[in-house]
Amino acid sequence: MHRESGVHTHRAWTWFVPAALLTLATGCGNPGEEAPSGGEEGTGTNPVASTPSEPAPATLQPEPSLVQSWFHRLGGPQDDTGTGLAVDGRGDISVVWLSTPREDDERESVPGQRRGLTLAKYGPDGTERWVRDYSRMRVASPRVAASPSGEVFLSGNAFLYSLDFGLGEANDGFVVKFSGEGQPLWQRRAGQKVYGMAADGEGGVLVTAEEWTPEGPVPVLAHHDAQGAFLWTRQLDRVDEGTRLHALALAPSGRTLLAGRLVGTLTVDGRAFGSAGGRALLLLAFERDGRLAWGKELRGVDGHVTGLRPERDGSVVLVGELRGPLSWGGSRLSGSEAFVLVAGPDGAERWAQPLACDTKPASPAVALDDAGQVVAVCGGMLSAYAPEGSQRDQRTLPPGECPEGDCPVAGTTLDFVPGQGFTLAGYQRHGDRAGNAWDQEAFLRLLAP
């Protein structure tokens, strides 16, 4: 396997201060705790003091702290893309990246390039725990989830042929569970395609997938226990083509949250959503046994949800892309742009903001810190919002390990490491892009003040 990595201590750039890190940087408070985007084919010493009476301005340069930023450059001569990461209860970070031959209309193949999938785990300080390398695999949309106790779940789509992670053939949309040390434990077929995954607190996992029928696609939800048996599963009604109910999360209450684009109509437990021939953004919550708890729709809104995070109070943060106007919580977003919005418990409207992106098309991702601050990445742009919706900061993500001085960066997924900061995965391009000889590397990094 080709892999380069490094751990660096630096404070060369001013960053917005995550709430938990603000307390670390100023010597006040204790950090708390908070419980992926894939490509197509070929394609994770707290000082103790009191809480400050007033929050420090987000743009303040923090005082030196014990938290260290670090950066790992992952991959080799082929193109590599970080597609998923997850943080467990100990702060360890699981990450998956894809390796694909760099053969396209502009670039030729290079010696030593390879195709494959790599799953790895790192400590909060960037120390490598283990790496599992699966060569010659063709996988679409790999993602990871992590149990609080450290087990790792890998999902993806085997779209050309079956795959083998050490447990026999994995077909179609699959989910594989690994021990905390990286040993495969069990695997299950999730559907024709699997789109989202979330680990629970008891070693089990939730998935959202899709089965295909002659009449159209059928969304599927399933909750597996720690041994892979079904706690519950259900197929929703057939939906029209273009429906993408792909964003999934597990709320602290135990409810399952599902969000995305609805084309046409859908009836769930007797409640009708959508309209014939129309489009809507849809957010659904299901009880622990799979029954519908509540649903919220925005009819006439065309877009899709690429990230979903629950808050401790029952609220939900969504990010995604719009293809038209959206009105929410007294705000109106218009045009083709990315967005971040928050729904309260039972879907009540709270706030919405446009989300800056520096690449199109974009696939925004979102994470929350232990004080409810919302941080989103869209391409190489990072944005931070206070829990009530005001924007705290917006920055272009600087590259790491870029001797060329100009290395475009795109984040694909991020999460929060309690007491440390936000960890981010994605890709970074190196080399002579004007001469079509550039190389794309995956990365994993910790963003600390």
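The values are calculated or read from the model by the stated rules, or taken from the named source; none is laboratory data. Source: prediction; values computed, not measured. Positions of Cβ are generated from backbone atoms using ideal geometry, with glycine treated the same way; all protein chains shown enter the neighbour counts. These area figures cover heavy atoms from the full protein model, side chains too; ligands, DNA and RNA do not enter into them. Shrake-Rupley method; radii C 1.70, N 1.55, O 1.52, S 1.80 Å.
Some points to look at:
- Any hit, segment 202-218, residues being in contact with a strand residue (DSSP E or B) (Cβ under 9 Å, 6 or more places away or on another chain), among the aromatic types (Phe, Trp, Tyr) and surrounded by 15 or more Cβ atoms within 10 Å (Cβ to Cβ): no
- Residue match in segment 280-289 (condition: assigned to a loop (DSSP other than H, G, I, E, B), closer than 25 Å to Met197 by Cβ and among the acidic types (Asp, Glu)): yes
- Residues satisfying the stated conditions in segment 189-203, i.e. under 15 Å from Phe286 (Cβ atoms) and either assigned to a loop (DSSP other than H, G, I, E, B) or among the aromatic types (Phe, Trp, Tyr) (or both): Asp200
- Screening Thr233, Thr243 for residues that are buried (at least 21 other Cβ atoms within 10 Å of the Cβ) and closer than 16 Å to Tyr195 by Cβ leaves exactly one candidate, Thr243.
- Residues in segment 349-360 that are under 17 Å from Gly260 (Cα atoms) and out of contact with any Leu (no Cβ under 7 Å at 6 or more places or on another chain): Glu349 alone.
- Hits in segment 392-423 - residues which are of a type in the set (Gly, Ala, Ser) and either under 15 Å from the mean Cα position of the chain (by Cα) or within 19 Å of Val67 (Cα to Cα) (or both): Gly400, Ala410, Gly411, Gly419, Gly421
- All positions within segment 167-179 that are open to solvent by less than 10 Å² (accessible area, probe 1.4 Å) and aliphatic (A, V, I, L, M): Ala170, Val175, Val176
- Per this entry, Val305 is not counted among residues that are in contact with a Phe, Trp or Tyr (Cβ under 7 Å, 6 or more places away or on another chain), buried (at least 19 other Cβ atoms within 10 Å of the Cβ), of a type in the set (Val, Ile, Thr) and closer than 15 Å to Val366 by Cβ.
- Segment 239-251: number of residues that are farther than 18 Å from Gly290 by Cβ and either over 24 Å from the mean Cα position of the chain (by Cα) or not in a strand (DSSP E or B) (or both): 4
- Verdict on Val131 being modelled with pLDDT of 95 or more and either surrounded by 17 or more Cβ atoms within 10 Å (Cβ to Cβ) or not polar (S, T, N, Q) (or both): yes
- Residue-level check: of (1) part of a strand (DSSP E or B); (2) at pLDDT below 95, Leu206 misses just (2).
- Residues satisfying the stated conditions in segment 141-168, i.e. of a type in the set (Asp, Glu) and closer than 18 Å to Met197 by Cα: Glu151
- Taken across segment 180-200, residues that are β-branched (Val, Ile, Thr), at pLDDT 95 or above and open to solvent by 20 Å² or more (accessible area, probe 1.4 Å) do not occur at all.
- Tallying residues that are of a type in the set (Lys, Arg) and either outside any loop (DSSP other than H, G, I, E, B) or open to solvent by less than 50 Å² (accessible area, probe 1.4 Å) (or both) within segment 310-339 yields 1.
- Subset of segment 407-437 that is part of a loop (DSSP other than H, G, I, E, B) and touching an Asp or Glu at 6+ places or on another chain (Cβ under 6 Å) - its residue that is nearest to Ala376 (Cα to Cα): Pro418
- Counting residues in segment 304-324 that are under 20 Å from Thr265 (Cβ atoms) and among the acidic types (Asp, Glu) gives zero.
A quick yes/no check of all residues on (1) under 20 Å from Arg143 (Cβ atoms); (2) in a loop (DSSP other than H, G, I, E, B):
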residue: Pro219; (1), (2): yes, no
residue: Arg234; (1), (2): no, no
residue: Asp237; (1), (2): no, yes
residue: Leu257; (1), (2): yes, no
residue: Gly260; (1), (2): yes, no
residue: Gly264; (1), (2): no, no
residue: Thr267; (1), (2): no, no
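- Total residues in segment 277-291 satisfying the condition of being farther than 17 Å from Asp225 by Cα and exposed (fewer than 14 other Cβ atoms within 10 Å of the Cβ): the figure is 2.
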